[in-house]
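Structure first, commentary second.
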Amino acid sequence: MAEQLKPTTMVKVMGPSGCALTYKIRDFLHRSDVPFEWVEFTSDEQARLEAGAEHLHDSRLPVCIFPDGTRLERPTIRQITEKLGWFRDPSRSEYDLAIYGAGPAGLSAAVYGSSEGLKTVLIERSAIGGQAGSSSKIENYLGFPDGISGAEMAERARKQACRFGTEILLAREGVRGEFPPGKGVGYLADGTKIVARATICSTGVDYARLGLPNEDRFQGVGLFYGAGASEASLTKDAHVFVVGGGNSAGQAAMHFSPFASRVSIVIRGGCLKKTLSQYLVDRIQSTPNVEVIPQTEVTGLDGDRCLREITLTSRKTGEERKVKTDWLFVCIGGVPHTQWAADLGIVRDAAGYLVTGPDLVHGGRPPATWPLNREPYYLETSMPGLFAAGDVRHGSVKRCASAVGEGAMAVTLVHRYLANG
């Protein structure tokens, strides 16, 4: 992501509402801190006049127009990444450090690794910033008394990492790994091979799902996972529902409140005080159009091309009620993407998180598969030279600041590993 290729004018995104791909594009651009203009088509005539499409639901929509006039019809995220000049191939046959996942932990590791002289590559399957990059505003991060958006924080960290020489590979996903002695070999989905002397896994978690019928059908067309910051201005005068009682849900609700007529936070528990930072509890309580619906679950989804209705069920009485809405944002935690580790026999906990350091040692002994005389370093997994940082790690504190700290700490342990094995 060379600085000179950062767009100076807006990317124009045109298409109909109720299109999952359109949402995916808007979300990617927003999280990547790329300015864009959204033009919503509401008629066949508008689609013909502005995009040359035959009708509102033409298979060539959405269309993206770039600052140099380039037009892409129904583009993939990789095509957009290529057009922005951000897609690149590895420049080295081997690196000192490979980092998978460019959330706060991965970005921190990249800054510290490259600034301390390690030849560092950072691989990210989607947008820089991870889930934190989708946050509308982080207000409790040290040094930002007025708060900072997740996208801006991620962009600043990206610039730091690039300035120190980190090589960033975007729109690339690791699918499997091998760990011959003294090396880590990662294979990406497109067949690219990354070889490094040490590896940090900071892939975070995938958004947890509700587990309901029709969930796939409405994803991106009324049902969204995460804070959905790119969609806030589109919720004008709507009734928005946010599921979840954590900080990401609270931040999302406050971000929607200036636009939506009403924001309802649906939680399984009795109140927010046990799961939400106090500053957000105070903010929610003082915002007239934000309400909390306690001891309730979303148990049904219905609609046509888009979500139109949800079913709310009381956990206390079992009573069901149907509510009209076009906007449902799910912020109920996540699930680690670590099947690749299970395939290699790397120790995970029951929920799939990577187990590291002291948690691997039982009765004074590391796992039977551990090949070295020493015990695993604090953030090291059961595979020597493979470290875990941030939300993907068993026992991690699910906070941006702690992820940044773990990324920095992981690099210190990488140095120890490279020096002593």
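The values are calculated or read from the model by the stated rules, or taken from the named source; none is laboratory data. Predicted, not measured: the structure shown is a model, and the values here were computed from it. Note: ideal-geometry Cβ built from the backbone for every residue, glycine included; neighbour counts use all protein chains shown.
Listed here are the residues, each with its yes/no results for (1) modelled with pLDDT of 95 or more; (2) assigned to a loop (DSSP other than H, G, I, E, B); (3) surrounded by fewer than 18 Cβ atoms within 10 Å (Cβ to Cβ); (4) outside the structural domain of GLY385 (by TED's automatic domain parsing).
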{"site": "ARG158", "(1), (2), (3), (4)": "yes, no, no, no"}
{"site": "ALA161", "(1), (2), (3), (4)": "yes, no, no, no"}
{"site": "TYR187", "(1), (2), (3), (4)": "yes, no, yes, no"}
{"site": "ASP190", "(1), (2), (3), (4)": "no, yes, yes, no"}
{"site": "ALA196", "(1), (2), (3), (4)": "yes, no, no, no"}
{"site": "ILE200", "(1), (2), (3), (4)": "yes, no, no, no"}
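For region 31-58, name all the residues that are within 17 Å of LEU170 (Cβ to Cβ) and in contact with an Asp or Glu (Cβ under 9 Å, 6 or more places away or on another chain).
Matches in region 31-58: SER32, ASP33.
Kindly state which helices (runs of 4 or more DSSP H) lie completely within region 18-92 and contain at least 2 residues that are under 18 Å from the mean Cα position of the chain (by Cα) and closer than 26 Å to ILE128 by Cα.
Result: 20-31, 77-83.
Given the residues LEU301, LEU276, which is the only one that is surrounded by 15 or more Cβ atoms within 10 Å (Cβ to Cβ), part of a loop (DSSP other than H, G, I, E, B) and in the same structural domain as ASN247 (by TED's automatic domain parsing)?
LEU276
Quick one: how many residues across region 120-145 are at positive phi, at pLDDT 90 or above and surrounded by 24 or more Cβ atoms within 10 Å (Cβ to Cβ)?
Looking only at that region, the number is 1.
Taking region 234-251 on its own, how many of its residues are more than 16 Å from the chain's Cα centre (by Cα) and outside any helix (DSSP H, G or I)?
The total comes to 10.
Could you run through region 217-233 and say how many residues are modelled with pLDDT under 95 and either in a helix (DSSP H, G or I) or outside the structural domain of ARG262 (by TED's automatic domain parsing) (or both)?
5
Please work out if SER91 is closer than 24 Å to SER277 by Cβ, surrounded by fewer than 24 Cβ atoms within 10 Å (Cβ to Cβ) and small (Gly, Ala, Ser).
No, not satisfied.
Could you go through region 363-380 and let me know if any residue there is closer than 23 Å to SER261 by Cβ and among the acidic types (Asp, Glu).
No, there is no match, as no residue in region 363-380 is closer than 23 Å to SER261 by Cβ and among the acidic types (Asp, Glu).
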